[in-house]
Amino acid sequence: MRRTGGIAAVALLVAGAFLLGFFLTRHTEPVRSATSGYAPMEKPVPLIEEVRADLARSYYRWIDPTVLSEPTIDEMIAGLEDPHTDYLTPSEFDALTDRTEGTYSGVGLTVGPSKQGLVVTSAFEGPAQTAGIRRGDVIIRIDGEPARRLPFERSLALIKGEQGTVVELTVKRPDHGKITFQVVRQEIDVPPIQSRLLGTDGRQPRLGYVRVLSFPAGTAKRVELATTRLAQRGAEGAIIDLRDNPGGLLAEAVDTVSLYVEEGLVCKTDGAHQDFHAYEVDGNPSHPALPLVVLVNGGSASAAEIVAAALWENERATLVGDRTFGKASVQSIEPLSNGGALKLTTAKYVTPSGLDISETGIRPKVEALDDPLTKPDEGLRVARTTLLELLAA
């Protein structure tokens, strides 16, 4: 990786929309052990006291003492009125850990929010795709549980499971009604990027297409290699597709921007218990002049939003697509003695220009909406037209 030092071990997460989860983290500091901070012979600290201490020590803003004195963890967290701070059970914590490592035992789907449950935005090569689940299906039940009533991490824990076991997914498909699938869980290797060359018929300039699905370790290097190979094959510009990208490692977000920006900021963070920090590109771009279009949608969050905003505000890319998720808080993961974890907000981040995208997200210059229920990719079509116009100009 290009830059790994100097970036705090934090996680940008969202309790929200996607099977891969929203996250932004780094591994340079050791993970706190389940009993760190306590003398070996001391009586174990109650779980609620662990949570209370973590909140008091690390939460990004002042907490009313009446909130910290609530008698249960659920009531304490509810009093924060922060959708990004949550208690994770051991199984939910395991699911999140697997996602940051780029592999997990599951069915191979990415999903988005729906009033009826979870809408499938893509299906990787894997058991769900083999069983017949496809893009546009809406998962309405998971092992009989109504998906619309389940918290996000709970849905993940139900879909994810031991390799070789079966999960029953009931989907609603337009013009077909309800269909129930028995899917055998397998070890899924989540591909961080996909790339190909567009416009090979000779009638238009060749364009590179790089879809970044998440930001696990090594993603920036893969993006660099893919961009280089596409340029060597004649690509005159590139589309960086960040749609439905839920996030990943902060170092990878910085490194990815550094591929294309010679000088500038990536983002800035600050919090009650953290010093202000400005993250800059490394100053050694491999593709500083390649025309770029960045494609985003409502599933682009955390690291994806950081990359999109940095490329846009540093005048290195035109943004195309739909408004992004709007996730501008920084989370840390604190493991707890019962095997679970506390996911708590420790800071806020802003874009290079100082824009707070909380809830509002980033609005692309060129609007392009893709309908997952149709075969054509309307968003990519608009992105391609936009890039051709940039090249012609």
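The values are calculated or read from the model by the stated rules, or taken from the named source; none is laboratory data. Note that the structure is a prediction, hence the values are computed from the model and not measured. In this analysis, Cβ positions are derived from the backbone assuming ideal geometry, glycine residues included, and neighbour counts consider all displayed protein chains. Only protein heavy atoms, including side chains, enter the accessible area calculation; ligands, DNA and RNA are left aside. Shrake-Rupley method; radii C 1.70, N 1.55, O 1.52, S 1.80 Å.
Descriptive notes on the structure:
- Pair ASP189, GLU70: separation of 7 Å Cα→Cβ label points (nm): 4.3
- Between the stretch 240-255 and the stretch 351-380, the alpha-carbon centres lie 15 Å apart.
- Spin-label model distance (nm) - ASP270 vs SER91, 7 Å beyond Cα toward Cβ: 4.2
- Length gained when the stretch ILE179-SER337 is fully extended (0.36 nm per residue, less Cα-Cα span): 52.8 nm
- When each of LYS268/LYS343; LYS115/LYS327; LYS160/LYS348; LYS221/LYS348 is checked by Cα-Cα distance, pairs over 23 Å: LYS160/LYS348; LYS221/LYS348
- Close amide H partners of PHE215, meaning residues 5 or more places away or on another chain with modelled amide H under 5 Å apart, are GLY247, GLY248, LEU249.
- The stretch 248-393, accessible surface, carbon-and-sulfur percent (1.4 angstrom probe): 48
- Probe 1.4 Å, protein heavy atoms only - accessible area per residue of the stretch 242-393 in square angstrom: 38
- Part-to-part distance (alpha-carbon centres) for the stretch 285-314 and the stretch 60-85, which is given in Å: 35
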